Amino acid sequence: MRNFINLADIDKRELRKIIDHTKSLKEKGSTKDLNTPLTSKTLIMIFEKPSTRTRLSFESAMQKLGGHVLVLYLKESHYGSKDESIYDTAKVLSQYGDIVMMRTGKHEHFLEFSKHLEIPIINGLTNLSHPCQVMADVLTFEELRGPITNKKIAWLGDGNNVVYSLIEAATQFNFQLAIACPKKFEPNKKVIKWANNKKANIFITRDPKEVAENADAIMTDKPISMGDINVNKKQKKQLLKSYQVNKKIMKLAKKDAIFMHCLPASRGEEVTNEVMDGKQSAVWLEALNRMHVQKSVIQWCLKLL
Ligand code: CP
Ligand code: NVA
């Protein structure tokens, strides 16, 4: 069964196939969509956390390819409660749908649930990783600036779930990833070790200027993620203040560098309005590309590509 849980689990040629298929679908436009390869297929979307883009992009991808979606909000279901085991929920869902997309907190819970499912599952964000987002980011970069291989991508700010997947992407797609963050908010050590073993081109520093210099893209995310429940938010924001992406930082990058953000953004914190709304900003295309790349991720999971 083909699950889409983390980019490290998937062969790099398969990841490239997903990106290239998405590009060709986009080039062919709506006529290709008329093939509706997902007719009579149902995607079950499970949400433990809020979402705008992930929810809408998956739903819209399914609709355009002829399929359907069912949405389950964990709070309104028996999932994880005392009255039904996760095993039983997984058994039932496996009969109603052809594929599941889940957004949850603890990654271990996601993995536990995936073990009991008899249909493929896609990670729509956990506290650990956000692979669909980063696939859309790779697509967006390549559409605007050509092949991402050997390009310098800079990350400023929190070493969070998006960075986790970005580190895996840097390893799988062979780009340089320069991360600037405070010591306290460095990315997950295991993924760094994995990337280093694969001889990935990744470096971590405290200096935002060093990473921004000569970068082809500058990326960031909110200082506080949805999973940051027990963190001292005030202290975290204070520590991340000097990693803001602003005009000065963008000036250090290549002239044609793009600015990327998974959204939602806390305008005025990790990024200024000037950069978000500026000429170099790719954030709207990035959001749209969630839908495009997920069309291919779903088809890949269903062994339709
Ligand atoms: N980027 C992203 O996953 O956005 P949502 O939280 O709105 O789904
Ligand atoms: N790091 C953010 C990403 C939101 C799409 C979060 O987990 O809340």
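The values are calculated or read from the model by the stated rules, or taken from the named source; none is laboratory data. Everything numeric here is computed off the predicted structure, so don't read it as measured data. So basically every Cβ, Gly included, is an ideal-geometry build from the backbone, and we count neighbours across all protein chains shown.
Can you pull out every residue in the stretch 49-77 that is crowded, with 20+ Cβ neighbours inside 10 Å and part of a loop (DSSP other than H, G, I, E, B)?
Leu65, Gly67
If you take the residues in the stretch 117-156 that are among the β-branched types (Val, Ile, Thr) and within 16 Å of ligand 1 (Cβ to nearest atom), which one is nearest to Tyr87 (Cα to Cα)?
So the residue we want is Ile122.
Determine if the stretch 15-28 includes at least one residue that is buried (at least 19 other Cβ atoms within 10 Å of the Cβ), modelled with pLDDT of 95 or more, under 18 Å from the mean Cα position of the chain (by Cα) and charged (D, E, K, R).
no
Considering only the stretch 78-122, state which residues are assigned to a loop (DSSP other than H, G, I, E, B) and farther than 26 Å from Arg53 by Cβ.
Those that are assigned to a loop (DSSP other than H, G, I, E, B) and farther than 26 Å from Arg53 by Cβ: His78, Ser81, Lys82, Asp83, Glu84, Ser85, Glu118.
Out of curiosity, is Phe259 within 16 Å of ligand 1 (Cβ to nearest atom), closer than 25 Å to Gln172 by Cα and not in a loop (DSSP other than H, G, I, E, B)?
yes
So which residues in the stretch 202-256 are within 23 Å of Thr149 (Cα to Cα) and polar (S, T, N, Q), if there are any at all?
Within the stretch 202-256, Thr205, Asn214, Thr220 qualify.
Looking at the stretch 221-229, is at least one residue within 16 Å of ligand 2 (Cβ to nearest atom) and in contact with a His (Cβ under 8 Å, 6 or more places away or on another chain)?
Yes.
How about the stretch 193-220: which of its residues are in contact (Cβ under 8 Å) with a residue 60 or more places away in the chain, more than 16 Å from ligand 2 (Cβ to nearest atom) and not acidic (Asp, Glu)?
Passing the criteria: Trp194, Asn214, Ala215, Ala217, Ile218.
What is the residue count in the stretch 149-162 for residues that are in contact (Cβ under 8 Å) with a residue 60 or more places away in the chain, away from ligand 2 (no atom under 16 Å from the Cβ) and either farther than 16 Å from Val271 by Cα or assigned to a helix (DSSP H, G or I) (or both)?
The qualifying residues number 3.
Considering only the stretch 27-41, I want to know if a residue exists there that is within 16 Å of ligand 2 (Cβ to nearest atom) and not β-branched (Val, Ile, Thr).
No: the stretch 27-41 contains no residue that is within 16 Å of ligand 2 (Cβ to nearest atom) and not β-branched (Val, Ile, Thr).
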